[in-house]
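Trainee: Take this structure first; my questions come after.
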Amino acid sequence: MLKQFQSGANGTLRESSEGPLMAYHEFYRDDFCPRDHYLPMWEHIQSVGQQILAAKVKEAHLALHTEGVTFTLYAGEEGIERVWPFDILPRIITAGEWNQIEAGLKQRVRALNLFLKDIYHGQRILKDGVVPPELIYRGKDFCREIMDVDPPHDIYIHISGIDLIRDEDGRYLVLEDNLRTPSGVSYMIENRIVERRILPEFFSRYRVRRVEHFPDRLLQALRSLSPRGEGEAVIVVLTPGVFNSAYYEHSFLAREMGVELSEGRDLVCKNDKVYLKTTQGLRRVDVVYRRIDDAYLDPLLFRSDSILGVAGLINAWRAGNVALANAPGTGIADDKAVYAYVPDIIRYYLGETPILPSLPTFQMTDHQDRTYVLENMQRMVIKAVAESGGYGMLMGPSSTTGQREEFRRRIESNPRNYIAQPVIQLSRHVCYLDGELESRHLDLRPFVICGREIEVVPGGLTRVAMTKGSLVVNSSQGGGSKDTWVLAA
Amino acid sequence: MKYHIEQACRIRFAQPAREHHVQIRLTPWDDESQSLVNVVLRVEPSADPVASYDCFGNLSHHFAVLGSHRELSFSIAADVETRRENPFDFSLVPPERERAWIADSLRQAPRLWDFVLHRSALVPTLADEVSGREIPEYREGVSLIEQVQAAFGWVGCSMRYDPALEASGSDLSAPLAAGRGSAADLAHLLIALVRHWQVPARFVSGYLDAAYFDDSAQALGAISSQRLHHWVEVLIPGGGWRGFDPALELAADATYVRVAIGRDADDIRPLRQACRSDGEGPELDESLMVSRVS
């Protein structure tokens, strides 16, 4: 790994001391003319002029505000509710590009489901020495409590949001797999609804594939898990409650799917079955789309101080009387140290070459890797393996000496908890900000639903680093978003 | 040897509780070293206990009382026959091949890694906890059994066994600082040492037939059959899991009845419960009676 990175053998990550790499531009070609698939949009922007665009920005903000499309930003102890930040200029993905993304994501999710099934049963991949057992057994999110339990259809990951970035050559790379309770799908849909409302003329110039059917597809997938058959399936969305940063999304999905939004206290387990408390009495629940982390899911088995979960839920799941989406224990597969092995995991279970490459990853448990990273911290992104949302991360180039020393200390005291990756200049795209066209870095989170079949919703959440030059796109860290258009062939 | 075990627990609340879920891990093991002949579980108010095995192979029961109640009690009666009269009834692997035997076991059964890699406040990394004292290192060419038994001395010097102490607290640093500990504390320290050697070791809860040791009752002090005892199992080349009791400096034989096994005591708490109640936490009354039948 170290050797490959230093020699730039993968052809894209040419380590340079001359300064940052040139980022791929989604919108402009190298000669600063818009790429072909952006030309109709570009012509339209030119023709409508500044005033109209500025009015549309206001209209979008007002629409999101009126619809209550918000998220919660945590600042210290307090949570501040913000209107979802949205840039009106869409990101456009051609059909050819999408085909490759779709095939790559399906391949990845298929392999990761097989990996989870294996890790929680026979552990063939460990016996064959493809993945080191230490990686699993030292992983914070390895959920030994679910060993040998068979989830419906052997599927663990029903909903995933896999983050993609593009390197300087425009090649799509997987940045991280979000396989626990990924957020953002409601914003993907709301972005589309707003975009259709304020820029209907754009849509007449492109054949854009729909994303609004996501809740229907999710509902179908959840129904397919029902232990009593699809006809009788009673489904609930289990939320930690109104104080959770993604509460808007939980209520959105429950509403769109026409199912109950419930908190832990609304459910009760009896004889290994789960019931919803209703004014007509207890009503049996078949499928729980849970948006609560594993640790808080069941106080009888996991954190006993959890007041968010449902006591007895895991026993009911183990007995096959209720389905949980996603299944418990998926966190070990999106552990950032396991991420480095995903290409091997794909080859091992599927016998295929990975379609979407991963980023080079330095394991801090490896002495050689660790020495190199500690000597080059300014050129690295260092991540805690079980964190998400941009937390527990050091962006080397913008870090202070104090921050680097702090991370050095943390890495040395618990190397399994950290990995490092070279800084990738995320691709850029034009945004309409304060009356100007400005380029900003962005990534893409497409959503994958795994029911009887695997389906990738043609679109995703494009997250934008709103601060000039910033590479941090997380909404919890001040990022914004764009509507993402996948073009029909 | 045959034992009859009766264990009872009463949980009382100052204010009524509801949706009370209980998970207990009190059923003795049933494997090659002991047979579970009979087990009866009673719960009051009435509930339907469900049995299931956890990831370490322990048999647990869970049940729920949903209605309002101020008291919940359960009792478990079990008959067990233990067979390991001689803890060393196996063919030894030559010491120079023991490492390879352990490596092979880990390769064939990766689940064993849990008992090598797990560290917690109860089973810490030794170098962090035992400063200023030499840590016995693994000696090539010396049999593991010999090394574990020699380690009893090191554990005893690090903390003296005090039978009057209740089971372990939240971490091992306090008993280490005090220089004395419960059977569970000594077991955790021995586990930390054996794992330091990269050898699988696990924590065992169960019962000890104290009456069997009439002749050495003095040495046993306050130890009694009427409370849980704790010891260690080490994966011994050629013999599989074998019990070692650092508190009494004994190899576990047929006078030890195994109830629950885990990476440390936290894994195998005998009682876990969750309920909705407006009052303070519940009060517990527990009783245990172990008697040798034959």
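The values are calculated or read from the model by the stated rules, or taken from the named source; none is laboratory data. Computed from a predicted model, the values in this text were never measured in an experiment. Neighbour counts run over all protein chains shown; Cβ positions are idealised from the backbone, glycine included. Each accessible area value is taken on the protein alone, full model and side chains, heavy atoms only, with ligands, DNA and RNA left out. Shrake-Rupley method; radii C 1.70, N 1.55, O 1.52, S 1.80 Å.
Trainee: Measure nothing but the geometry: give the 0 to 90° angle between the long axis through the Cα atoms of B:144-158 and the longest principal axis through the Cα atoms of chain B, rounded to 10°.
Mentor: 70 degrees
Trainee: For A:309-315, what's the mean count of beta carbons from other chains sitting within 10 Å of each residue's beta carbon?
Mentor: Shielding by partners across A:309-315 averages 5.
Trainee: Within chain B, what percent of beta bridges assigned by DSSP are antiparallel, to the nearest 5?
Mentor: 95 percent
Trainee: Going by the alpha-carbon gyration tensor, a ≥ b ≥ c the square roots of its eigenvalues, is segment A:351-489 rounded (a/c under 1.5) or, if a/c is not under 1.5, prolate (a/b greater than b/c) versus oblate?
Mentor: oblate
Trainee: So which residues in segment A:259-286 end up with at least 10 square angstrom less accessible surface once the other protein chains are there, compared with the chain by itself, probe 1.4 angstrom?
Mentor: Residues meeting the cut-off: A:R265, A:V268, A:C269, A:K270, A:N271, A:D272, A:K277.
Trainee: Shifting gears a bit: Report the per residue volume, in Å³, of the convex hull enclosing the C-alpha atoms of segment B:95-253.
Mentor: 110 Å³
Trainee: If you don't mind, there's one more thing I want to ask. Let me check against my output: what whole-number percent is the relative contact order of chain A, with C-alpha pairs under 8 Å and at least 6 apart?
Mentor: Reported as a whole number, the value is 23 percent.
Trainee: Additional query: Quick check: pseudo-label points 7 Å beyond the Cα along Cα→Cβ at A:I80 and A:R379, how many nm apart are they?
Mentor: 3.7 nm
Trainee: To continue, here is another question. Hey, any idea what % of segment A:239-360's accessible area is carbon plus sulfur with a 1.4 Å probe?
Mentor: 48 percent
Trainee: Counting only the heavy atoms of the protein chains, how much of A:D366 is accessible to a 1.4 Å probe, in Å² to the nearest 10?
Mentor: Roll a 1.4 Å probe over it and A:D366 shows about 70 Å².
Trainee: Taking the inverse of the average 1/r across all pairs of different Cα atoms in segment A:53-136, what Kirkwood radius in Å do you get?
Mentor: 17.8 Å
Trainee: Out of all Cα-Cα pairs in chain A, roughly what percent, to the nearest whole number, are more than 34 Å apart?
Mentor: For chain A, the fraction of Cα-Cα distances above 34 Å is 36 percent.
Trainee: OK, next. Compare the peptides B:114-125, B:78-89, B:192-203 by average per-residue count of other Cβ atoms within 10 angstrom and give them in order, highest first.
Mentor: B:192-203, B:114-125, B:78-89
Trainee: Place a +1 charge on the Cβ of each Lys and Arg in segment A:97-207 and a -1 charge on the Cβ of each Asp and Glu, then give the dipole magnitude about the Cα centre in debye, rounded to the nearest 20.
Mentor: 260 debye
Trainee: Now for a separate question. With each run of n ≥ 4 DSSP H residues scored as -39500 (n - 2.57), what mean residue ellipticity at 222 nm is computed for chain A after dividing by its residue count and rounding to the nearest 500 deg cm²/dmol?
Mentor: -9500 deg cm²/dmol
Trainee: Arrange the peptides A:319-332, B:277-290 so that the one whose residues have, on average, the most other Cβ atoms within 10 Å appears first.
Mentor: A:319-332, B:277-290
Trainee: Turning to a different aspect of this structure: Which of the GluC sites (Glu not before Pro) found in segment A:317-417 are in a DSSP loop and have at most 16 neighbouring Cβ atoms, other than their own, within 10 Å?
Mentor: A:E352, A:E387
Trainee: Can you tell me how segment A:218-290 classifies by the Cα gyration tensor, rounded, prolate or oblate, using a/c under 1.5 as the rounded cut?
Mentor: Taking the square roots of the gyration eigenvalues as a ≥ b ≥ c, segment A:218-290 is oblate.
Trainee: OK, next. So which of A:K140/A:K336; A:K127/A:K383; A:K117/A:K336; A:K58/A:K482; A:K56/A:K482 end up more than 23 Å apart, counting from Cα to Cα?
Mentor: Beyond 23 Å: A:K127/A:K383.
Trainee: Output the antiparallel fraction of DSSP beta bridges having both residues in segment B:95-253, as a percent to the nearest 5.
Mentor: Of those bridges, close to 85 percent are antiparallel.
Trainee: Additional query: Evaluate the Debye formula for chain B with equal point scatterers sitting on the alpha carbons, no solvent, and hand back log10 of I(q)/I(0) at q = 0.08, 0.09, 0.11, 0.12 Å⁻¹, in q order, two decimals.
Mentor: With no solvent term, the Cα-only Debye profile gives -0.36, -0.46, -0.69, -0.81.
Trainee: Let me ask you something else. What is the dipole size for chain A, taken about its Cα centre, with +1 at each Lys and Arg Cβ and -1 at each Asp and Glu Cβ, in debye to the nearest 20?
Mentor: Rounded to the nearest 20 debye, it is 520 debye.
Trainee: Please state, to two decimals, what the Cα-based radius of gyration of segment A:160-223 comes to when divided by 2.2 N^0.38 Å (N = residues).
Mentor: Dividing the Cα radius of gyration by 2.2 N^0.38 Å gives 1.39.
Trainee: Towards the positive end of the charge dipole of the protein assembly as shown, with charges on Cβ (+1 Lys, Arg; -1 Asp, Glu), say which of B:A183, A:V385, A:L276 has the farthest Cα.
Mentor: Selected residue: A:L276.
Trainee: Ignoring any ligand, DNA or RNA, what whole percent of the accessible area of chain B comes from carbon and sulfur when the probe is 1.4 angstrom?
Mentor: 48 percent
Trainee: While we're on this one: Using the per-residue mean of other Cβ atoms lying within 10 Å as a proxy for protection, in what order, highest first, do the peptides A:295-301, B:98-104 fall?
Mentor: A:295-301, B:98-104
Trainee: Roughly how many Å² is the accessible area per residue of the protein assembly as shown, as a whole number, for a 1.4 Å probe?
Mentor: With all protein chains present, the protein assembly as shown gives 41 Å² per residue.
Trainee: Along each of the three principal axes of the Cα atoms of segment A:430-489, give the extent in whole Å, ordering the values from largest to smallest.
Mentor: 45, 29, 14
Trainee: Between A:R171 and A:R29, what length in nm is gained on full extension when 0.36 nm per residue of separation is reduced by their alpha carbon distance?
Mentor: 49.7 nm
Trainee: Here is a follow-up. Collect residues whose amide H, placed 1.01 Å from N in the peptide plane, falls under 5 Å from the amide H of A:R290; neighbours closer than 5 in sequence don't count.
Mentor: Under 5 Å from the amide H of A:R290: A:L238, A:A325, A:N326.
Trainee: Right, something else. Find which of A:A103, A:A311, A:I189 sits farthest along the positive direction of the dipole of chain A, computed with +1 on the beta-carbon of Lys and Arg, -1 on that of Asp and Glu, about the Cα centre.
Mentor: A:A311
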